Amino acid sequence: MRRVPAIVSSSAAEDAIRREHLNTTWRESLSLNDPRAEPARLYLARRGLSVTFPETLRFHPGLGYYADNCLVARYPAIVGQVTGQGGDAVTIHRTYLTVDGHKASVEAPKKLMRHPSGRLLTGGAIRLVPAGDRLAVTEGIETALAVIEATGLPVWATGNAHLLETFVPPSGVNQILVFADKDRPSRQHPSGHGQEAARSLVRRLWAIGIHAGAVAPLIDIPEGRKGVDWLDVLNLVGKVGFPVLGCAPKALTIAA
């Protein structure tokens with residue numbers, strides 16, 4: 001009997017393409033200490049960061065930027081691996097740069113790569129450093145690096161407010177401090193999106209037996225900006241503006 005070849009579904013074929021794209025991007029990336037990663041080091045320095053670079057952040061010398069499925073240009077980029085709840089790699093976060101260390105002038109200089117449909121992004125994070133029994137979490141990568149530099153705490157970045165709200169810590173973590181962004185109130189988020197996401201996460205963590213708290217910056221949001229974060233605190237106030245787990249916070253505590 002003649003064997004009929006298996007038909008590969010369009011979704012399976014698309015997943016294979018996405019996996020290969022992710023793997024190729026990561027294979028082509030370099031350590032941030034590599035001489036060729038100067039645009040990334042300049043960018044982080046311009047942001048006011050001097051922390052030792054985590055190995056989970058890397059540099060791509062010429063990553064394609066696409067809009068409407070069309071290649072716009074290639075830019076140097078900082079890439080970070082996003083892992084799921086169980087620690088498996090899910091996708092890559094990209095920060096597109098210029099060769100002289102500025103954020104690239106594109107519509108969305110920070111983007112997540114598309115991930116295979118079988119990998120769950122919700123609950124995951126960019127695991128910048130190993131976690132202990134206590135862990136701090138933020139939205140942005142630069143915000144997380146600022147908290148590491150100011151407090152010495154292990155910090156993971158979730159990428160955005162939605163992923164912060166849905167974050168799931170790994171087993172062994174029993175204390176979480178959320179360093180929330182301070183966003184302007186809006187009709188959809190009357191208390192500010194960052195603060196609301198942090199509050200929701202804290203409530204859920206307490207419900208599963210994890211001690212949790214959240215703090216937002218005390219500094220005012222400048223005119224014309226949507227919000228401030230802990231990198232702004234580091235640059236404007238310094239390390240004294242940061243709380244530490246177990247100490248009275250010098251920041252606006254967000255009640256659960």
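Roughly how big is segment 62-194's charge dipole about its Cα centre, with Cβ charges of +1 (Lys, Arg) and -1 (Asp, Glu), in debye to the nearest 20?
Numbers: 12 positive and 11 negative charges, 43 e Å.
In debye, rounded to 20, segment 62-194 gives about 200.
State to the nearest 20 debye the size of the charge dipole of the chain about its Cα centre, where the only charges are +1 on K and R beta carbons and -1 on D and E beta carbons. Don't jump to the answer; show the numbers that get you there.
Values: 29 positive and 23 negative charges, 86 e Å.
The calculated dipole for the chain is roughly 420 debye.
With runs of 4+ DSSP H residues as the only contributors, calculate the mean residue ellipticity of the chain at 222 nm using -39,500 (n - 2.57) per run, divided by the residue total and rounded to the nearest 500.
-8000 deg cm²/dmol
Whole percent per 5 Å bin, from 0 to the bin with the longest distance: what is P(r) over all C-alpha pairs of segment 134-254?
2, 12, 24, 26, 20, 10, 3, 1, 0
Top mean-square fluctuation among Ala125, Ala89, Ala67, Gaussian network model of the chain, C-alpha springs under 10 Å?
Ala67
Which of Gln81, Gln195, Gln175 moves most in a GNM of the chain, Cα contacts under 10 Å?
Judging by the Gaussian network model, the answer is Gln175.
Looking only at the chain, where both bridge partners belong to it, what percent of the DSSP beta bridges are antiparallel (to the nearest 5)? Before the final figure, lay out each step's value.
Working: 29 of 41 bridges.
Taking every DSSP beta bridge with both residues in the chain, the antiparallel ones total about 70 percent.
Just how large is the dipole of segment 134-254 about the Cα centre, in debye to the nearest 20, putting +1 at every Lys and Arg Cβ and -1 at every Asp and Glu Cβ? Walk me through the intermediate numbers first.
Values: 11 positive and 11 negative charges, 67 e Å.
Dipole size: approximately 320 debye.
Please build a GNM for the chain, connecting alpha carbons under 10 Å apart, and tell me which residue among Ala40, Ala108, Ala207 fluctuates the most.
Of Ala40, Ala108, Ala207, the most mobile in the Gaussian network model is Ala207.
Send over the Kirkwood Rh of the chain, from the inverse of the averaged 1/r over different Cα pairs, rounded to one decimal Å.
Computed over Cα pairs of the chain, the Kirkwood hydrodynamic radius comes out at 19.3 Å.
I'd like the distance between the alpha-carbon centres of segment 53-81 and segment 105-148, rounded to an integer number of Å.
Cα centres, segment 53-81 to segment 105-148: 15 Å.
For segment 10-112, what is one quarter of the convex hull surface built on the Cα atoms, given in nm²?
Mean projected area for segment 10-112: 7.5 nm², to one decimal.
Every read-out reported here was derived from the displayed coordinates using simple, explicitly stated rules and does not represent laboratory data. Quick caveat: nothing in here was measured; it's all calculated off a predicted structure. Glycine gets a Cβ as well: all are built from the backbone with ideal geometry, and neighbour counts include every protein chain shown.
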